[in-house]
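The values are calculated or read from the model by the stated rules, or taken from the named source; none is laboratory data. Predicted model only: the values in this text are computed from it and were never measured. As a convention, Cβ positions derive from the backbone with ideal geometry for all residues, glycine included, and neighbour counts pool all protein chains shown.
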Amino acid sequence: MTESNSQLLPMTSIAFSLAGLALAVYALKRSDRHRSVWVGLVTGGVTVAFWLCFLIAHIVSPA
């Protein structure tokens, strides 16, 4: 993996997780309660929480 590709992976992960989270919330507002909506909500939420922890740690203790 090249250096430029490794920098793009976190950005795409953040973008896809935010998009998945937004789509799941939109589907829940439309009263869509299928299993795929819940899976998208949980996976998007976990990924967003993961990146938020990194952001908070970077703000609290920049190295």
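Tabulated results
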quantity	calculated
First in the range 33-59 and aromatic (F, W, Y), second anywhere and modelled with pLDDT under 90 and surrounded by fewer than 14 Cβ atoms within 10 Å (Cβ to Cβ), Cβ under 8 Å, 6 or more apart	W51/P10
Filter result for V37 (touching a Ser or Thr at 6+ places or on another chain (Cβ under 6 Å), surrounded by 14 or more Cβ atoms within 10 Å (Cβ to Cβ) and aliphatic (A, V, I, L, M))	no
